[in-house]
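Chemist: Okay, handing you the structure first.
What follows draws every value from the coordinates through simple rules; no lab data is involved. Fair warning: this is a prediction, and the values are worked out from it, not measured in the lab. Methodologically, a virtual Cβ is constructed for each residue, glycine included, from the backbone with ideal geometry; neighbour enumeration extends over all protein chains shown.
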Amino acid sequence: MMILQGSSLLDKLNEKPIETSPDGLSTQGNILQLLGLILLLAFILAAAYYTSKFVGGLKLNQMKHSNFRVLDTYRISSNKALQLIKIGTKYVVIAIGKDTVTVITELSEAEIVMNETNTDVKQSFKQILEHFKNK
């Protein structure tokens, strides 16, 4: 057990702290830290972009070779929809709710009318914008 002499503890508590500027808080140091953080942010964003592009490419390739294809979707309300799905060689209409999926009917290929949309042609943003301006 340590016994302190009477006034030394009070003297230490009553002393005013000596004001010193912390080391490393210069303007040049702050600018370098900011640049470092900006570079770190750019690296993280680039890594996230290329990772999502890689994973998306894998999923797209997996979907191309799948036996399940969603041919059409008709939204009934915000959380209910009808979907026309091709499963192998069969066509099925299903109802999708918040927590349920229900088979409505099975259709033959002759009963299905497909609207041909040309998705192979890639338009630039400028072309799409001009299309909407002309409407």
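Chemist: Residue by residue, what Karplus-based ³J(HN,Hα) values in Hz, rounded to whole numbers, does the range 36-43 have, using 6.51, -1.76 and 1.60 with θ = phi - 60° and x for Gly and Pro?
Modeler: Taking θ as phi minus 60°, the curve returns x, 5, 5, 5, 5, 4, 4, 5 Hz for the range 36-43.
Chemist: Once both labels are modelled 7 Å past Cα along the beta-carbon direction, what's the Phe68-Val103 spacing in nm?
Modeler: Modelled inter-label distance: 1.4 nm.
Chemist: Going by C-beta contacts inside 10 Å, put Val113, Val93, Val101 in order with the fewest on the left.
Modeler: Numbers: Val113 6, Val93 17, Val101 9.
With the sparsest Cβ surroundings first, the list reads Val113, Val101, Val93.
Chemist: Once both labels are modelled 7 Å past Cα along the beta-carbon direction, what's the Ser77-Gln28 spacing in nm?
Modeler: Between Ser77 and Gln28, the simple spin-label model gives 6.7 nm.
Chemist: Starting from the amide H of Leu107, placed 1.01 Å from N in the peptide plane, find each other amide H under 5 Å away whose residue is 5 or more places distant or on another chain.
Modeler: Here Tyr91, Val92, Val93 satisfy the definition.
Chemist: Need the full-extension length gain, Glu111 to Leu58, defined as separation in residues times 0.36 nm minus the C-alpha distance. One decimal, nm.
Modeler: Numbers: separation 53, 0.36 × 53 = 19.08 nm, distance 3.34 nm.
Length gained, Glu111 through Leu58: 15.7 nm.
Chemist: Here is a follow-up. Do the alpha carbons of any pairs in Lys59/Lys90; Lys98/Lys122; Lys53/Lys122 sit beyond 25 Å of each other, and which pairs?
Modeler: Numbers: Lys59/Lys90 23 Å; Lys98/Lys122 34 Å; Lys53/Lys122 19 Å.
Violating the 25 Å limit, Cα to Cα: Lys98/Lys122.
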